[in-house]
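Each reported figure results from applying straightforward, stated rules to the coordinates on display, with no laboratory input. Not measured: the values here are computed from a predicted model. Positions of Cβ are generated from backbone atoms using ideal geometry, with glycine treated the same way; all protein chains shown enter the neighbour counts.
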Amino acid sequence: MIQDIYPSKLDNSYKIQKLTAKDYVLWFNAEGKTYVRISEESIGFVTGSDVKDSSAIYLFSVDDQRYFLVLGEVDFHDPEFGYYSIRELRDKSNGKELFATFTAYHLWKWYADNRFCGVCAGKLVPSEKERALACPSCGNIVYPRINPAVIVGVINGEKLLLTKYRKGYAHNALVAGFTEIGETLEETVAREVMEETGIRVKNIRYYKSQPWGMAQDILVGFYCEADGDGEIHMDESELKYAEWVKREDIELQPNNLSLTNEMMKMFKEGKERNRKIKLYDYIPG
Ligand SMILES: [Zn+2]
């Protein structure tokens, strides 16, 4: 999955740091596209030696490599670079740089959408002690927004419920949706499956989670079973396809970045049962 970059590690601890020549610098334009280079499925970044911007905000590190964000567009041009959307990068690249770019996008979206205080309309400034924006006028503190959402693998015997969205991502998917206020994750699972496909579920069990900066989400994956005859009543406003598909007939997504794809793959290979949860999948044992 996109976050599986072991033995590398993303260190998101908050520090106030100054941009230096070897640091990576990201910025996003008004359409949310970022200025990078793509070669051999790997993303290359502008560095602090190309762009000297004293307002650059330190984001995080991947191993010893530091990433910074500049708010607003930077006047820097290199013929090898171009503006790419997060969706384009998802299709064209992989590796720790892609995960870093997803995470940088999540943080950029939060900084860009929270320039002013929602209480007094004063200008927000970065906190000196934690990842937060503070209002010097009224003391309001705004923390990064992370939207919880569920991904649901609904099982009916030897079949899995696959869907395709009416808009957006074209490949096979699972039932998915955002948690609403006042709801547990398990209730989100039951409600979303009912709304999208008319199916009642039982035996809900946690699988894994995934940070998905592209939509500012934390995705929480669950498997469950259909309760009843499994007759599908598809929500045609949201989906264009919802069917029970046999293990061997499951067609996976073109890459292994998403939790959805991993859950489809685990079921296809008959490995969705009795799985032990490890902190990182690639650590032996
Ligand atoms: Zn305020």
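Comparing Tyr111, Tyr24, Tyr206 in a Gaussian network model of the chain (Cα springs below 10 Å), the most mobile by mean-square fluctuation is Tyr206. With the simple spin-label model, which puts each label point 7 Å out from Cα in the Cβ direction, the Lys271 to Phe178 separation comes to 3.3 nm. Between the Cα long axis of helix 185-197 and the first principal axis of the chain there is an angle of about 60°, rounded to the nearest 10.
Projecting the Cα atoms of Ala21, Phe45, Gly118 onto the charge dipole of segment 10-127 (Cβ charges, centred on the Cα centre) puts Gly118 farthest toward the positive pole.
Sorting 192-205, 228-241 by their mean Cβ neighbour count within 10 Å, with the most densely packed peptide first, gives 192-205, 228-241. Ignoring solvent entirely, what values of log10 I(q)/I(0) come out of the Debye formula for segment 147-280 at 0.20 Å⁻¹ when each Cα is a single scatterer? Listed by q, the Debye log ratios stand at -1.28. Relative to the dominant Cα principal axis of the chain, helix 259-268 is inclined by about 30°. Annotation for segment 203-235 versus segment 119-177: alpha-carbon center distance of 15 Å. Most mobile of Gln216, Gln65, Gln253 per a Gaussian network model of the chain (Cα springs, under 10 Å)? The residue with the greatest mean-square fluctuation here is Gln65.
GNM remark for the chain: springs join alpha carbons under 10 Å apart, and the peak mean-square fluctuation among Glu272, Glu80, Glu186 falls on Glu80. The per residue volume of the convex hull around the alpha-carbon atoms of segment 167-226 is 107 Å³. Lacking any other cysteine beta-carbon closer than 4.7 Å, the following Cys residues of the chain have no compatible partner: Cys224.
Applying both filters, DSSP loop and at most 14 other Cβ atoms within 10 Å, to the trypsin sites (Lys or Arg not before Pro) of segment 125-191 gives Lys129, Arg145, Arg166, Lys167. The angle between the Cα long axis of helix 96-113 and the longest principal axis of the Cα atoms of the chain comes to about 70 degrees, rounded to the nearest 10. Whole-percent P(r), segment 1-61, all Cα pairs, 10 Å bins from 0: 18, 44, 35, 3. Taking every DSSP helix (H) stretch of at least 4 residues in the chain, weighting each as -39,500 (n - 2.57) and dividing the sum by the residue count yields a mean residue ellipticity at 222 nm of -5000 deg cm²/dmol.
Binning the C-alpha pair distances of the chain at 10 Å intervals from 0 yields a P(r) profile of 6, 25, 30, 23, 13, 3, 0 %, listed from the shortest bin outward. Model label sites at Lys123 and Glu73, defined 7 Å from Cα along the beta-carbon direction, differ in position by 2.2 nm.
Of the peptides 217-223, 134-140, the order by per-residue mean of other Cβ atoms within 10 Å, starting with the highest, comes out as 217-223, 134-140.
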